[in-house]
Amino acid sequence: MPAPRLLPRTAADDPRLAEIYAKGLTGPDDNALNVFGTLGNHPDLLRRWMVFATHVLSKNSLPPRDRELLILRTGWNCASRYEFSQHVQIGLKCGITEGEMEMVKAGPDAEWNAADRLLLVAADELHQESTLSDATWAGLTELYSTEQVLDVIATVGNYHFVSMLLNATQVQLDPGVPDAF
């Protein structure tokens with residue numbers, strides 16, 4: 001990976017970051033994960049974005065496996081090495097198999113069940129067209145509540161933003177995260 005365009009910031013760099021990072025944004029070494037450290041270059045943006053990001057990752061109405069399929073496909077679609085690699089680790093904990101990780105790369109035409117295929121189609125449509133086709137909308141509303149369909153859109157949108165940020169600032173993989181891209 002190319003060198004980062006912004007160095008991740010620590011709480012020692014800006015005391016406002018200590019409170020933000022204390023909300024579980026650190027890795028095993030107690031340093032902020034690189035995505036958060038990079039956003040630490042703009043503490044106000046980080047703090048405000050975390051409200052939405054916390055909903056998408058932790059308070060989302062979708063089952064965790066479904067959420068992770070959307071995130072992984074979005075990271076792949078955006079060519080975000082950091083996002084995809086980081087969420088491979090999370091996805092494995094949510095029941096996505098290593099074989100399915102490879103299928104995410106292939107997209108909705110791989111050997112998915114109908115529900116998983118629909119999620120990948122939704123991620124692809126939102127990425128490519130910034131909307132959902134009538135057929136995809138109908139499929140999602142048959143399987144999910146209104147809140148869950150909105151969380152599908154919010155998940156892809158949030159991780160599209162995150163992927164753009166990671167790619168543009170050239171955020172490096174965190175220590176211990178294998179490159180899965």
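The values are calculated or read from the model by the stated rules, or taken from the named source; none is laboratory data. Note that this is a predicted model, so its numbers are computed, not measured. Quick reminder, even Gly has a Cβ in these numbers, built from the backbone with ideal geometry, and neighbours come from all protein chains shown. To get the accessible areas, we keep the full protein, side chains included, count just its heavy atoms, and leave off ligands, DNA and RNA. Shrake-Rupley method; radii C 1.70, N 1.55, O 1.52, S 1.80 Å.
Here are a few things to note about the model shown:
- Estimated Rh, the chain: Kirkwood, alpha-carbon pairs, angstrom: 16.8 Å
- Here's the picture: a label point sits 7 Å out from the Cα of Gln89 along the beta-carbon direction, and within the range 142-181 the residues with their amide nitrogen under 11 Å of it are 173-179.
- Estimated inter-spin distance, Asn167 and Arg5, nm [label 7 Å along Cα→Cβ]: 1.2 nm
- Taking every DSSP helix (H) stretch of at least 4 residues in the chain, weighting each as -39,500 (n - 2.57) and dividing the sum by the residue count yields a mean residue ellipticity at 222 nm of -20000 deg cm²/dmol.
- Accessible-area order (highest first, 1.4 angstrom probe) of the listed residues Phe52, Phe36, Phe181: Phe52, Phe181, Phe36
- Between Thr26 and Leu33, the built amide H atoms are under 5 Å apart, and every one of these is 5 or more places off in sequence or on another chain.
- Positive-end ranking of Leu17, Pro28, Gln172 along the dipole of the chain, with charges on Cβ about the Cα centre, is headed by Leu17.
- For the range 108-181, the equivalent ellipsoid derived from the Cα gyration tensor has semi-axes of 27, 15, 11 Å, listed largest first.
- Rolled with a 1.4 Å probe across the full set of protein chains, the surface gives Ser145 an accessible area near 50 Å².
- When +1 charges are put on Lys and Arg Cβ atoms and -1 charges on Asp and Glu Cβ atoms, the dipole computed for the chain relative to its Cα centre reaches about 560 debye.
- Note on surface exposure: Glu98, Glu111, Glu83, Glu147 rank Glu111, Glu98, Glu147, Glu83 by accessible area, highest first, 1.4 Å probe.
- Counting only heavy atoms of the protein chains and using a 1.4 Å probe, Lys59 has close to 140 Å² of accessible surface.
- Cα-projected label distance for Ser130 with Ile153, points at 7 Å along beta-carbon direction, nm: 1.4 nm
- Label-point separation, Asp29 to Lys59 (7 Å along Cα→Cβ), nm: 3.2 nm
- Computed with every protein chain present, the accessible area of His160 is close to 50 Å² [probe 1.4 Å].
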